[in-house]
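Novice: Okay, handing you the structure first.
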Amino acid sequence: MPASDVAVEERPAPSASVEPVVNDFSIQVATVNGSGSQTANLVLLRAIFQMGVPVSGKNMFPSNIAGLPTWFTIRTNKDGYIGWKKKTEVLVAMNPETAREDTLNLDADSMVVYDESLKLDSVRSDLVFYPVPFDRLVAEVTRDVKMRRRIRNMIYDGVLSRLLGVDLDQMEIALRKQFGNKVKVVALNRQALDVGYAFAEQHLEKRDPYRIESMDENGGRILIDGNAAAAIGCMMAGVTVVAWYPITPSSSLCETLIDYLRKYRVDKETGKASFAVVQAEDEIAALGMAIGAGWAGARSMTSTSGPGISLMGEFVGLAYYAEVPAVIFDVQRVGPSTGLPTRTAQGDVLSTAFLSHGDTRHPLLFPCSPEECYSMAVNAFDLAERFQTPVFVLSDLDLGMNQWMTQPFEYPAKPMDRGKVLDEETLERIGRFGRYRDVDGDGIPYRSVPGRSMPAYFCRGSGHNESAQYSERADDYQRNVDRLMRKFETFRNWLPAPVVEINRKARVGIIAYGTTHWAVVESRDQLRDEADLQTSYYRHRAYPFRSALASFIERHDRVYVVEQNRDAQMVTLMRTDLRPELAGRLRSVLHYNGQSIDARTITDDILIQEGYRVEFSEADELVPRDAGVGGE
Amino acid sequence: MATATQSLKKKKINRIGLELPVYRGSKTTLCAGCGHNAISERIIDACFAMGIEPTQLVKLSGIGCSSKSPAYFLGSVHGFNTVHGRMPSVGTGALIANKNLVAIGVSGDGDTGAIGIGQFIHLMRRNLPIIYIIEDNGCYGLTKGQFSPTADVGSVLKTGVVNDLPPIDTCALAIQLGATFVARSFSGDKKQLTAILKAALSHRGTAMLDVLSPCVTFNDHEGSTKSYAYVKSHADQLEELDFVPYFEDISVDYEPGETQEVTLHDGSRLYLKKLAESYDPTDKMQALGVLHDTHERGEFATGLIYVKPAADDFLTTLNLVDEPLASLPEDRVRPSKAVLTEIMESLA
């Protein structure tokens with residue numbers, strides 16, 4: 001947006017007497033990608049987290065390697081809201097390309113830390129400006145050209161430490177977490193922090209209201225991104241075969257998994273691995289390998305994003321119909337096609353639920369937090385083997401690649417469920433082996449695994465009878481797909497139950513899933529506080545849905561389904577399960593611009609639909625940013 | 001086992017005490033006289049002769065006439081008829097899950113050369129221990145006779161359509177990509193094909209076999225370069241093959257100087273009786289040269305074209321524990337509570 005389009009109300013510069021704003025504001029660091037600012041941003045985030053202040057960090061980055069604008073936003077919130085908030089109060093302007101526009105986007109009374117050469121104080125007069133001579137300060141720390149950029153970033157951390165009151169020692173602890181035993185690197189970065197701090201102490205008079213003060217709100221929690229959490233879950237689930245193909249935003253799931261597996265799953269005596277990771281030639285081959293491994297009895301998985309899901313369609317149909325276990329992580333990004341590879345969405349709900357041709361249905365898990373990425377990963381492998389079918393875990397870019405505070409992960413309470421794998425004892429009990437025979441009435445047949453001296457069968461995606469023989473008979477086909485549907489019905493009560501909060505006074509219900517949860521939590525409080533609108537809440541954690549869904553909708557006059565896609569995909573999926581009378585109570589709140597959904601958007605939308613408001617206020621409109629050019 | 005070996009000839013049982021019918025499959029549904037049926041017979045012969053344990057065998061295929069054929073051999077063996085052109089990835093996963101399995105993959109010229117060329121290429125690169133057979137008839141049989149990417153320039157469909165695109169030589173491609181065992185044979189050449197299959201069963205790495213297999217229905221007419229008549233008159237045998245498995249007493253009547261011996265990883269030996277002067281199948285450049293020269297003459301070089309017996313296979317490079325990954329018990333794949341605690345502390 002050109003600067004001239006932004007109307008700015010001119011006001012005199014604020015004074016230090018403004019009421020302090022403690023632990024309730026957002027810090028945005030604007031840089032270019034590839035400048036090494038990630039370390040400085042994570043150190044700042046972690047230091048605030050260690051001070052016991054609820055915090056969340058989101059990186060908005062371009063699909064590019066170096067040189068394009070990137071914004072890292074840290075939200076601090078004393079009330080524990082960790083969803084996205086549109087407004088930023090503290091700007092660190094390190095990118096000359098966007099500095100002016102970023103400054104113009106701020107609300108009055110915000111503060112700006114910037115390189116003095118940018119002369120941002122001439123742009124507006126209603127902000128608090130803190131010019132910093134970065135080049136001169138960097139020179140105090142190092143003459144090493146390679147280190148300069150990184151040190152420059154660490155200096156803004158030092159400046160913010162002084163201005164906002166972020167404990168320097170906590171920053172050093174965070175540095176040690178990042179760099180481990182690299183003593184020299186830690187020392188150099190600490191020096192940069194000190195130089196920034198000292199400069200601010202001597203030359204910058206505090207004139208803004210923003211402060212970080214220690215709290216005790218984060219007890220026991222950890223800070224992690226969803227992809228790393230899922231990786232830990234896969235390792236603890238006992239995965240043995242991992243096949244993947246790089247794609248944003250899922251790559252870091254398998255990359256982190258490789259790191260953990262190498263650390264914890266290599267035999268210390270022999271140096272041999274209890275796992276195999278293969279970077280396949282494409283997503284099709286990645287899933288093919290996972291299916292081959294699953295057929296041969298291993299716990300196997302792949303991880304991808306929307307374009308990979310599209311490619312995997314044929315193989316998913318094979319695994320569904322031939323009944324082969326596999327776990328597929330879909331870290332969703334914005335589609336269709338290449339779409340916005342570095343932006344978030346919940347746009348693959350329908351395409352994964354019914355992926356592949358013919359009548360197919362697949363179980364989906366919807367984690368909302370890193371803790372659920374972990375626990376659902378563990379669960380997904382049990383479910384895939386129990387039900388002999390592909391199981392999807394639908395994460396998204398926001399969850400997968402951003403830093404979240406979350407409950408620490410619990411050790412799996414139950415042993416691994418390897419499902420109905422034929423052994424001698426079972427064979428004796430069931431009498432005869434028929435690969436697709438429904439012995440137990442739950443739609444789940446017994447399977448034999450190659451190499452174990454049990455009766456063999458010919459696994460195929462073509463029509464087959466109970467004995468896995470090729471068949472084009474009408475009755476064989478229909479009996480088989482009816483059994484598959486029975487199996488799918490059995491799934492309902494094995495999947496993670498929804499999280500339901502019934503408010504007896506509420507006539508309005510809200511349904512959400514995945515990362516949308518965090519904005520809904522905050523929005524419900526806004527609805528209550530601003531409009532006295534009481535709501536109940538139902539958070540999906542899996543598809544197929546539980547019967548509780550219908551009873552939740554029955555209790556309410558109107559139910560808002562909040563999701564991050566254009567087409568109300570979850571509503572469509574729910575309609576396939578609900579009586580028309582109940583489906584008619586569903587309304588949608590949709591958010592699909594690539595940014596994380598925020599509470600304000602939900603609150604305003606529901607208030608308009610409920611008749612409390614007529615239209616959006618102009619101030620709430622999102623300011624688009626020209627950040628998305630480059631290759632994938 | 002000793003008893004079984006002693007009575008080998010009398011009762012027609014193999015060295016692990018099994019009779020030939022154990023290695024047979026269902027009745028074929030392919031056309032009468034289809035070359036693929038002959039290949040199935042040779043697979044049965046080779047597995048029986050080598051005494052392969054059926055419970056350790058898996059057979060895999062893609063889609064097409066060729067890929068239907070695994071139903072017609074090794075009926076007591078686990079099989080996986082996958083999707084079109086993607087059998088290599090499924091085989092890769094299966095073998096990673098259980099590295100003790102012996103895998104036979106059957107594909108066709110369309111399944112490999114067209115839709116599956118990507119997976120074929122990466123299979124050759126990885127040197128996965130699998131026997132990969134292309135039942136090559138130069139056409140799509142199951143969809144009624146369209147050209148495949150191995151059809152020769154100038155070959156003619158029954159409808160009179162002439163193929164004007166050059167063929168992919170899967171053998172040359174495989175050699176370039178790093179395949180360690182590359183052979184070409186003819187479905188009707190019982191002796192050569194059986195010897196190659198037996199050698200392939202002893203090879204540790206990808207054994208790529210392009211087996212010319214005329215399609216009696218759509219591609220066995222004048223004008224087709226993959227008809228019985230054409231192949232019989234244009235197959236240029238590189239060498240006469242004999243194969244001696246490691247478990248047999250080695251006594252062969254080859255004269256030194258006329259034969260070349262290739263020892264495979266398990267100690268089995270391949271004897272190549274020279275027909276072409278100084279042909280050395282371990283010489284990659286010569287192998288490619290022969291393929292080029294015979295192609296220029298409109299001929300097919302048959303026999304073991306290239307072999308590299310001592311290369312590391314894919315499963316070896318993965319440095320896996322000794323037991324199959326699929327059979328590892330929980331305590332070997334789920335780290336202890338202490339590990340999770342350590343990770344949690346690093347993130348607190």
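The values are calculated or read from the model by the stated rules, or taken from the named source; none is laboratory data. Here the structure is a predicted model, which means the values were calculated and not measured. Counting neighbours? That spans all protein chains shown, and the Cβs are built from the backbone with ideal geometry, glycine included. Quick note on the areas: whole protein, heavy atoms, side chains included, nothing else; ligands and nucleic acids left out. Shrake-Rupley method; radii C 1.70, N 1.55, O 1.52, S 1.80 Å.
Novice: For region A:156-180, which positions are more than 23 Å from A:Glu116 (Cα to Cα) and in a helix (DSSP H, G or I)? Quick ask: steps written out before the conclusion?
Specialist: Our first condition is that a residue be more than 23 Å from A:Glu116 (Cα to Cα); within region A:156-180, this holds for A:167-180.
Within region A:156-180, A:Leu168, A:Asp169, A:Gln170, A:Met171, A:Glu172, A:Ile173, A:Ala174, A:Leu175, A:Arg176, A:Lys177, A:Gln178, A:Phe179 qualify.
Novice: I would also like to ask the following. Among what's in region B:168-182 and is open to solvent by less than 10 Å² (accessible area, probe 1.4 Å) and not in a loop (DSSP other than H, G, I, E, B), pick the residue that is farthest from B:Gly116 (Cα to Cα). Walk me through it before giving the result.
Specialist: Step one: filter region B:168-182 for residues open to solvent by less than 10 Å² (accessible area, probe 1.4 Å), giving B:170-171, B:174-175, B:179-182.
With not in a loop (DSSP other than H, G, I, E, B) added as a condition, the list becomes B:170-171, B:174-175, B:181-182.
Details: B:Thr170: 12, B:Cys171: 15, B:Ala174: 13, B:Ile175: 17, B:Phe181: 19, B:Val182: 18 Å.
The extreme case among them is B:Phe181.
Novice: Checking A:Tyr470 against (1) more than 9 Å from chain B (Cβ to nearest Cβ); (2) open to solvent by 40 Å² or more (accessible area, probe 1.4 Å): exactly one of these is not met. Which one?
Specialist: (1)
Novice: I've got another one for you. Quick one: would you say B:Ile115 is in contact with a His (Cβ under 6 Å, 6 or more places away or on another chain) and more than 7 Å from every other protein chain (Cβ to nearest Cβ)? Let's see the steps before the verdict.
Specialist: Working: in contact with a His (Cβ under 6 Å, 6 or more places away or on another chain): yes; more than 7 Å from every other protein chain (Cβ to nearest Cβ): yes.
When the stated conditions are applied, B:Ile115 passes them.
Novice: List the helices (runs of 4 or more DSSP H) inside region A:202-298, counting only whole elements, that have at least 2 residues being at the interface with chain B (Cβ under 8 Å from one of its Cβ atoms) and open to solvent by 10 Å² or more (accessible area, probe 1.4 Å).
Specialist: The helices (runs of 4 or more DSSP H) meeting that bar are A:251-264.
Novice: Continuing with the same structure: In this structure, is B:Gly17 more than 8 Å from every other protein chain (Cβ to nearest Cβ) and at positive phi? Walk me through it before giving the result.
Specialist: Numbers: more than 8 Å from every other protein chain (Cβ to nearest Cβ): yes; at positive phi: yes.
Yes: the conditions hold for B:Gly17.
Novice: Among the residues of region B:44-66, is any surrounded by fewer than 24 Cβ atoms within 10 Å (Cβ to Cβ), β-branched (Val, Ile, Thr), in contact with a strand residue (DSSP E or B) (Cβ under 8 Å, 6 or more places away or on another chain) and more than 11 Å from chain A (Cβ to nearest Cβ)?
Specialist: There is at least one residue in region B:44-66 that is surrounded by fewer than 24 Cβ atoms within 10 Å (Cβ to Cβ), β-branched (Val, Ile, Thr), in contact with a strand residue (DSSP E or B) (Cβ under 8 Å, 6 or more places away or on another chain) and more than 11 Å from chain A (Cβ to nearest Cβ).
Novice: I'd like to verify a number: residues in region A:188-201 that are more than 20 Å from A:Gln50 (Cα to Cα) and open to solvent by 50 Å² or more (accessible area, probe 1.4 Å), how many?
Specialist: So the count comes out to 2.
Novice: Could you list all residues from region A:142-171 that are more than 14 Å from chain B (Cβ to nearest Cβ) and open to solvent by 40 Å² or more (accessible area, probe 1.4 Å)? If you could, list the steps in order and put the result at the bottom.
Specialist: Just the residues of region A:142-171 that are more than 14 Å from chain B (Cβ to nearest Cβ), to begin with: A:142-169, A:171.
Answer for region A:142-171, where residues must be more than 14 Å from chain B (Cβ to nearest Cβ) and open to solvent by 40 Å² or more (accessible area, probe 1.4 Å): A:Arg143, A:Asp144, A:Val145, A:Lys146, A:Met147, A:Arg148, A:Arg149, A:Arg150, A:Arg152, A:Arg162, A:Asp167, A:Asp169.
Novice: Let me ask something else about it. Cβ-Cβ under 6 Å, sequence separation 6+ or interchain: first residue in region A:175-187 and touching a residue at least 12 places away in the same chain (Cβ under 8 Å), partner open to solvent by less than 100 Å² (accessible area, probe 1.4 Å) and of a type outside the set (Val, Ile, Thr). Which pairs?
Specialist: A:Leu175/A:Asn189; A:Val186/A:Leu175; A:Val186/A:Phe179
Novice: So, in region B:203-232, how many residues would count as being surrounded by 24 or more Cβ atoms within 10 Å (Cβ to Cβ), of a type in the set (Ser, Thr, Tyr) and in contact with an Asp or Glu (Cβ under 7 Å, 6 or more places away or on another chain)?
Specialist: Residues in region B:203-232 being surrounded by 24 or more Cβ atoms within 10 Å (Cβ to Cβ), of a type in the set (Ser, Thr, Tyr) and in contact with an Asp or Glu (Cβ under 7 Å, 6 or more places away or on another chain): 1 in total.
Novice: Please indicate, with yes or no, whether at least one residue in region A:69-86 is assigned to a strand (DSSP E or B) and free of Cβ contacts under 8 Å to residues at least 24 places away in the same chain.
Specialist: Here is the first cut: in region A:69-86, the ones assigned to a strand (DSSP E or B) are A:69-77, A:84.
Subset that is free of Cβ contacts under 8 Å to residues at least 24 places away in the same chain: none.
Looking for residues that are assigned to a strand (DSSP E or B) and free of Cβ contacts under 8 Å to residues at least 24 places away in the same chain, one finds none in region A:69-86, hence no.
Novice: Which number in (1) outside the structural domain of A:Val43 (by TED's automatic domain parsing); (2) at pLDDT 95 or above marks the one condition that A:Arg190 misses?
Specialist: If we test A:Arg190 against (1) outside the structural domain of A:Val43 (by TED's automatic domain parsing); (2) at pLDDT 95 or above, just (1) comes out false.
Novice: With without any contact (Cβ under 8 Å) to a residue 60 or more places away in the chain, outside any helix (DSSP H, G or I) and under 21 Å from A:Asn189 (Cβ atoms) as the only criterion, which of A:Arg148, A:Arg143 stands out? Break it down into steps so the answer makes sense when it comes.
Specialist: Values: A:Arg148 fails: outside any helix (DSSP H, G or I).
That would be A:Arg143, the only listed residue that is without any contact (Cβ under 8 Å) to a residue 60 or more places away in the chain, outside any helix (DSSP H, G or I) and under 21 Å from A:Asn189 (Cβ atoms).
Novice: Before we move on, is A:Glu428 at pLDDT 95 or above, among the acidic types (Asp, Glu), out of contact with any Asp or Glu (no Cβ under 8 Å at 6 or more places or on another chain) and not in a loop (DSSP other than H, G, I, E, B)? Step through it out loud before you land on a result.
Specialist: Working: at pLDDT 95 or above: yes; among the acidic types (Asp, Glu): yes; out of contact with any Asp or Glu (no Cβ under 8 Å at 6 or more places or on another chain): yes; not in a loop (DSSP other than H, G, I, E, B): yes.
Against the criterion (at pLDDT 95 or above, among the acidic types (Asp, Glu), out of contact with any Asp or Glu (no Cβ under 8 Å at 6 or more places or on another chain) and not in a loop (DSSP other than H, G, I, E, B)), A:Glu428 qualifies.
Let's see how each residue does on (1) under 24 Å from the mean Cα position of the chain (by Cα); (2) surrounded by fewer than 16 Cβ atoms within 10 Å (Cβ to Cβ); (3) within 7 Å of another protein chain (Cβ to nearest Cβ):
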position	(1), (2), (3)
B:Gly289	yes, yes, no
B:Phe300	yes, no, no
B:Arg332	no, no, yes
B:Met344	no, no, yes
